[in-house]
Each structure stands twice: as C-alpha cells, then as structure tokens.
Amino acid sequence: MPRAGATRTPQQRSSAGTLIAQPTAVQAPQLFIRPRVVRLALTCAVVSLLGLSLAGQLARYELGVDRMSPFVVLFDVNLEGNIPAWYSAATILCCSVLFAVIGILRRRQEADGRFATHWLGLSLLFLLASIDESVSFHELVSTIFGGALSRLVKLPPYLYYAWVLVAIPFLLVLAVAYLRFLAALPRRFAGWLIGSAVVYVSGAVGFEMAGGYVAATIGMENMRYALLATFEEGLEMAGIAMLLYALLQYLAGSVGTVTLAVTGTAGHTQAAAGREPGAQSGPPSHSTSADPLHDSEGAAR
C-alpha cells in the first residue's frame, strides 16, 4: 500500500498480465498575454519615449546642447534608426502579425472565409507600414513626387511633404473598401478600430501637414517644429497602442486561447516512446465553436 502523499504512476495491464508503468504527461510551459497589462506597458513606453525626446529637444534649443549629442540622437522621435523608430516599427509589426492570425483563423473556421481577405489585407498593409517606419520610403516619395509636381504648380506650404497627396486618396479608397467589413464587426471593437485609425491618421497626416508648413516657412531647426514633430509621433504611437490593445482584446473575447506549438524530432520521439508497442494513435481532436470570431457578445470588452 503506497504511503500517504506518494505520487501514483499511471499503469496498465499487458497481455501477459504484468503491470506496465506509463509515463506521465508533462505539461508544457505556458505564456499568457494579458491585454490590460500590454496596454499599461505600451502607455508607459509611449509616455517615456515622448518625454525623453522632448527633454532632448529642450536641452538642444534652450540649453545649447549639440544636435548630434548621443542623448538627443538616441531619443529624437523625428529621427530614424533610434529607439523611438525601433519601437514604432516593432509595434506596427505586432499589429500585422495579429491581423494575420485573425485572418488565418477566419479562413479555417468558415467555409467561405468571410472577410478573411480583409484581415489579411490589413496584415500586409501594416507589414509595409512597419518596413516604411524603418526605411522612410514615404520621404522618398515626397522627394520624387513633390519635386516633379513643384515643376508644374506651386505647392502651398502645408504640402511641403508631398506624400500626403498620395496618402489622402489612398486612405479614402481604403475606408470605402472596408465599410462592409467594419459594419460586420462587433460594435465595440469597430469603435476601437476606427478610433485608433483617427488618432494615427491625425498625427501621420494632420500634424505632418502642420509640420510641413513650419518647415517651409521658418525651417526645421526650431522648437516649434520639434514640438509639432513630437505631437505627430505621439499620436501615431498612441493610435498603434490602441489598435494593438483592441486586437488582443478581440482575440481574447472572440477566440479565447490561441496556442502556438513548436514541435521537432525530439518531441515526436518522446510521444512515440510513451505508446505501447503495437498501439495506434487515433485522430487528433478539435474543439469546435459556432462562430467565435464573429460573436458580438464575446467581442472585446
């Protein structure tokens, strides 16, 4: 008789009548992502980056610190290849991944893959936006397109960054193309999606035009332009943080648990070793749901 508190080993009786010990299943380590914790972390990151950037600009224009000072260069939100640029590219890429996950689940869970293309299209769009955040492709568009257009007509100062002439029509077409998609979403999540888009575009286009006006009239080397650039980047970061939180909430409320399993030869060997010789493995079981991704009651709370 086993002692109290002793661990029992699962056993089964073989054809010869002897007891054969069976290996116990070892639970894989799990990583939980909590949307509210992510929201708090993103908020702290955005506030910290904006505060450090603003401190650097104040030190530069009020205290006479050199513009190439390591602190200024490292945290200036208006520069590329530094910590704020890396943060923005990384968070936009995370949104791209989440859009892709939802799109793939939608395609697998529905026969017609309703709106799966819309989710995957947003994933591709945010992937390109993440790349642009790193290489500043839109500035190249401004240089080429603005230079060619300025030879034909005189552009007003607020169109100093001419890429907005391409961005505005594109965003209007995108909004029209996604009207049915937005109407089919749970109302709360659709509100977060639209709100994050408004915040992001207000910075990326609205404050970009305001900054262009200042750059065209009095130049970029002044505190006014630095403040506009800080507001611009701050709104962009805030919009992406809102979107990332909303996507996590949507996954948590509509899907529940999404499991990422990484398997290899060792895993298959251990699984095979735990089976009795001659035993056959049955088909894997799948959990089913009526329509978890389109359940308005279980949507982001």
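Being touching a residue at least 12 places away in the same chain (Cβ under 8 Å), closer than 23 Å to A100 by Cα, out of contact with any strand residue (DSSP E or B) (no Cβ under 8 Å at 6 or more places or on another chain) and not polar (S, T, N, Q) is the requirement here; does I168 meet it? When the stated conditions are applied, I168 does not pass them.
Screening L120 on (1) farther than 18 Å from I240 by Cα; (2) crowded, with 16+ Cβ neighbours inside 10 Å; (3) touching a Gly at 6+ places or on another chain (Cβ under 8 Å) shows it passes everything except condition (1). Where helices (runs of 4 or more DSSP H) fall wholly inside segment 162-224, the ranges with 1 or more residues that are touching a Pro at 6+ places or on another chain (Cβ under 7 Å) are 208-217.
Matching residues to (1) modelled with pLDDT under 95; (2) within 27 Å of the chain's Cα centre (by Cα); (3) under 30 Å from Y225 (Cβ atoms); (4) of a type outside the set (D, E, K, R):
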residue: T7; (1), (2), (3), (4): yes, no, no, yes
residue: I20; (1), (2), (3), (4): yes, no, no, yes
residue: P23; (1), (2), (3), (4): yes, no, no, yes
residue: Q27; (1), (2), (3), (4): yes, no, no, yes
residue: T43; (1), (2), (3), (4): no, yes, yes, yes
residue: L50; (1), (2), (3), (4): no, yes, yes, yes
residue: G64; (1), (2), (3), (4): yes, no, yes, yes
residue: A90; (1), (2), (3), (4): no, yes, yes, yes
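Just one of the listed residues (V166, V199) is at pLDDT 95 or above, among the β-branched types (V, I, T) and within 27 Å of the chain's Cα centre (by Cα), and it is V199.
Listed here are the residues, each with its yes/no results for (1) among the hydrophobic types (A, V, I, L, M, F, W, C); (2) in a loop (DSSP other than H, G, I, E, B); (3) at pLDDT below 80.
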| position | (1), (2), (3) |
| --- | --- |
| G103 | no, no, no |
| L120 | yes, no, no |
| S130 | no, no, no |
| A148 | yes, no, yes |
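Of all the criteria given as (1) at negative phi; (2) out of contact with any helix residue (DSSP H, G or I) (no Cβ under 6 Å at 6 or more places or on another chain), the one not satisfied by G81 is (1). Out of everything in segment 48-88 that is among the hydrophobic types (A, V, I, L, M, F, W, C) and farther than 26 Å from E139 by Cα, what residue ends up being surrounded by the fewest Cβ atoms within 10 Å (Cβ to Cβ)? Among residues in segment 48-88 that are among the hydrophobic types (A, V, I, L, M, F, W, C) and farther than 26 Å from E139 by Cα, the one surrounded by the fewest Cβ atoms within 10 Å (Cβ to Cβ) is L63. Just checking, how many residues over segment 199-218 are of a type outside the set (S, T, N, Q) and within 11 Å of Y160 (Cα to Cα)? Final tally of qualifying residues: 9.
The values are calculated or read from the model by the stated rules, or taken from the named source; none is laboratory data. For clarity, every value in this text was computed on a predicted model and none was experimentally measured. We place every Cβ from the backbone using ideal geometry, glycine too, and count neighbours over all the protein chains shown.
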